[in-house]
Amino acid sequence: YQAEAQLWGKEIYFSIPLRLETEHPAEIVQKGDVGYWPPGQALCFFFGPTPGSKGEEIRPASPVEVIGKMHGDFSLLEQVQAGDIVRLAF
């Protein structure tokens, strides 16, 4: 699957062709969390504060369902620009 990346602070997100329900929506997430954002029908990758954050917390635009965790060096995510093509391999 591929899509155009969007940015919101240190969050990369893009729409996916799935509509999921949330079971445990989180208003604050951790660095490395992967979330599903229902209003945007989007997959989100969190690697630092967003415009909605207070201090160093990581706050999505609205609650997300955390569905995974990234590990490793997040510095490469800093290089992603809005409109870049991102590809997911399953």
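Counting just the residues of the range 1-20 that are of a type in the set (A, V, I, L, M, F, W, C) and without any contact (Cβ under 8 Å) to a residue 60 or more places away in the chain, which one comes out farthest from Asp33 (Cα to Cα)?
Ranking the qualifying residues of the range 1-20, first place goes to Leu18.
Scanning the range 27-57 for residues that are in contact with a helix residue (DSSP H, G or I) (Cβ under 9 Å, 6 or more places away or on another chain) and not hydrophobic (A, V, I, L, M, F, W, C), which turns out nearest to Gln81 (Cα to Cα)?
Ranking the qualifying residues of the range 27-57, first place goes to Gly48.
Based on what the data block shows, is Thr50 open to solvent by less than 60 Å² (accessible area, probe 1.4 Å), modelled with pLDDT under 95 and among the polar types (S, T, N, Q)? Spell out how you get there, then give the answer.
Details: open to solvent by less than 60 Å² (accessible area, probe 1.4 Å): yes; modelled with pLDDT under 95: no; among the polar types (S, T, N, Q): yes.
No; evaluated as a whole, the condition is false for this residue.
Only residues that are in contact with a Leu (Cβ under 9 Å, 6 or more places away or on another chain), over 16 Å from Gly9 (Cα atoms) and not in a helix (DSSP H, G or I): list them for the range 26-67, please.
Those that are in contact with a Leu (Cβ under 9 Å, 6 or more places away or on another chain), over 16 Å from Gly9 (Cα atoms) and not in a helix (DSSP H, G or I): Tyr36, Gln41, Glu65, Ile67.
Yes or no, residue by residue, for (1) under 17 Å from Leu88 (Cβ atoms); (2) acidic (Asp, Glu); (3) open to solvent by less than 60 Å² (accessible area, probe 1.4 Å):
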position	(1), (2), (3)
Gln2	yes, no, no
Ala5	yes, no, yes
Ser15	yes, no, no
Leu20	yes, no, no
Glu23	no, yes, no
Val34	yes, no, yes
Gly40	yes, no, yes
Phe46	yes, no, yes
Arg59	no, no, yes
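Are any of the residues in the range 62-83 modelled with pLDDT of 95 or more, out of contact with any Lys or Arg (no Cβ under 8 Å at 6 or more places or on another chain), buried (at least 16 other Cβ atoms within 10 Å of the Cβ) and not β-branched (Val, Ile, Thr)?
Yes, the range 62-83 contains at least one residue that is modelled with pLDDT of 95 or more, out of contact with any Lys or Arg (no Cβ under 8 Å at 6 or more places or on another chain), buried (at least 16 other Cβ atoms within 10 Å of the Cβ) and not β-branched (Val, Ile, Thr).
The values are calculated or read from the model by the stated rules, or taken from the named source; none is laboratory data. This is a predicted model, so every value here is computed, not measured. Cβ atoms come from the backbone with ideal geometry, glycine included; neighbour counts cover every protein chain shown. For accessibility, only protein heavy atoms count, side chains too; no ligands or nucleic acids. Shrake-Rupley method; radii C 1.70, N 1.55, O 1.52, S 1.80 Å.
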